[in-house]
1. I need every pair where a residue in the stretch 257-285 that is in the same structural domain as residue 21 (by TED's automatic domain parsing) and outside any helix (DSSP H, G or I) has its Cβ under 7 Å from the Cβ of a residue that is modelled with pLDDT of 95 or more and of a type in the set (Val, Ile, Thr), sequence separation at least 6 or different chains.
2. Determine whether residue 111 is part of a loop (DSSP other than H, G, I, E, B), among the hydroxyl-bearing types (Ser, Thr, Tyr), in contact with a helix residue (DSSP H, G or I) (Cβ under 9 Å, 6 or more places away or on another chain) and crowded, with 23+ Cβ neighbours inside 10 Å.
3. Which of the residues spanning the stretch 207-225 are surrounded by 17 or more Cβ atoms within 10 Å (Cβ to Cβ) and in a strand (DSSP E or B)?
4. With respect to the numbered conditions (1) in a helix (DSSP H, G or I); (2) basic (Lys, Arg); (3) free of Cβ contacts under 8 Å to residues at least 60 places away in the same chain, which one is the sole condition not fulfilled by residue 83?
5. Can you pull out every residue in the stretch 154-185 that is part of a helix (DSSP H, G or I) and modelled with pLDDT under 95?
6. If you check every pair at least six apart or on different chains, which have Cβ atoms under 6 Å apart with a residue in the stretch 364-388 that is modelled with pLDDT of 90 or more first and a residue that is crowded, with 19+ Cβ neighbours inside 10 Å and of a type in the set (Gly, Ala, Ser) second?
7. If you go through the stretch 52-100 one residue at a time, how many are surrounded by 15 or more Cβ atoms within 10 Å (Cβ to Cβ), at pLDDT 95 or above and charged (D, E, K, R)?
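The values are calculated or read from the model by the stated rules, or taken from the named source; none is laboratory data. Keep in mind it's a predicted model, so treat the numbers as computed, not measured. Every residue, glycine as well, gets a Cβ built from its backbone with ideal geometry; the counts of neighbours run over all protein chains shown.
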Amino acid sequence: MSHIPVIFLHGWAGDLESYGKLPELLLKEDFKLEHIHLGHYTASDDALGIDDYALALNRAVRDKGIHQPFDVIVHSTGVLVVRSWLTHFFKPTDRSPIRNFIMVAPANNGSRLAGWGKKLPWDWGNKILDALQLGSHYTWELNWEWLRTQRHKNMPGLKIYQILGAKNDLVFPGFLEKFDEMLGINVPAFEEEGSDNTIRFCAANLNMRATRLEVHQKMDQSTIYEINDIPIYAFLDRSHFGDTHGLLGAIRSNKDPVFKLICDILTDRPLPRPTDLTSLPKKLNYTMLNLRVVDQLGNPYEDFIPHFYLGDADSRKAIKIAHHAENKEIDCFYIQYKNLSSLQKFGFQIEKNKVGNAIYRASQYVDLHWPDMGIHFLQEKRTHLLELVIEKVVTEKAMQFEYPRVK
């Protein structure tokens, strides 16, 4: 049926079993299947990161002589590997080596569980987990590159599809509780509202927005970078992994709706309409905001502590905010979107900082002008990258000029 090679790439801690019966069912449909297996990420050298696996992917494609273009079906962390490969080996306007890029439960903006994985007492591939942490430097740079270059639509021949789950399917609760007792690991990460038990819906979504904002600049005066045209197919009864509800692991027959969608994509059949995100349950109405504070030269300052201010006490009770700062450079906020419209104020208060002879002009409120913020930047079920520029002033003590002394 299809003469285009199909490449599978698993995610962190995954292997061929992650795909359930999908490869077997595609073979029965007369597909030509080329599988690239990069090994278990959990058994990887801690020194190997996403870009290293992109190098490995490039070598494996070359060594196997896989004809381009080809289709890829990629799960979770594997999406970052493929995006890194496209970023580093192809210009944003090059003809794409990939025809159909099918992202299944993609880790486009990381996972809350990455920090959990780093606490486990064995080798899980720590450099991969660093990249997977919420608000990681790695995903920040990768996503900014895609936002600026718009390579998702500027690479001729590239079509991207997102298949997302929305079911919390907790696995091995007793097992996890033991780890919670021994290591103090936050087990409810698996049960987080608005996630597929591993990745937040808004964090999986590659349709995202970004801007760089001066402290005294209003949001409607800034340049907004946006990815907004990649279709999403949401399956509310499917989760990130597992044989019972996993997006791929639960595939049993060619009647499975996820299988039928993938098969239709690969064979260029007419596709169903993408999911209308406004029709999804309220439990998915979250947004994610990654905040990075830099000076006027673009250098990050790591010790600012941003605090939301949300107006009066009633407003603060009306909204849920989860804050993660798993690195010292980027703060990640997970915000319940549905009640934001009731707020009269929305913004940050940045604590004043002084380091040696450098003073940061940050003893102020950064008003994001709600509801204009919602019109111009913040939207539900998306991730947003906000780089906030705060002026750094070096005092006169740091450098001075003097007249020469005449004897």
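1. Taking only residues 6 or more apart or on different chains, the pairs are 271/265; 274/232; 275/232.
2. Working: part of a loop (DSSP other than H, G, I, E, B): yes; among the hydroxyl-bearing types (Ser, Thr, Tyr): yes; in contact with a helix residue (DSSP H, G or I) (Cβ under 9 Å, 6 or more places away or on another chain): yes; crowded, with 23+ Cβ neighbours inside 10 Å: yes.
Against the criterion (part of a loop (DSSP other than H, G, I, E, B), among the hydroxyl-bearing types (Ser, Thr, Tyr), in contact with a helix residue (DSSP H, G or I) (Cβ under 9 Å, 6 or more places away or on another chain) and crowded, with 23+ Cβ neighbours inside 10 Å), residue 111 qualifies.
3. Result: 209, 210, 211, 212, 213, 225.
4. Just one mismatch for residue 83, condition (3).
5. Taking the stretch 154-185 and keeping what is part of a helix (DSSP H, G or I), we get 154, 173-183.
Scanning the stretch 154-185 gives 173, 174, 175, 176, 177, 178, 179, 180, 181, 182, 183.
6. Qualifying pairs under 6 Å: 383/203; 385/210.
7. 3
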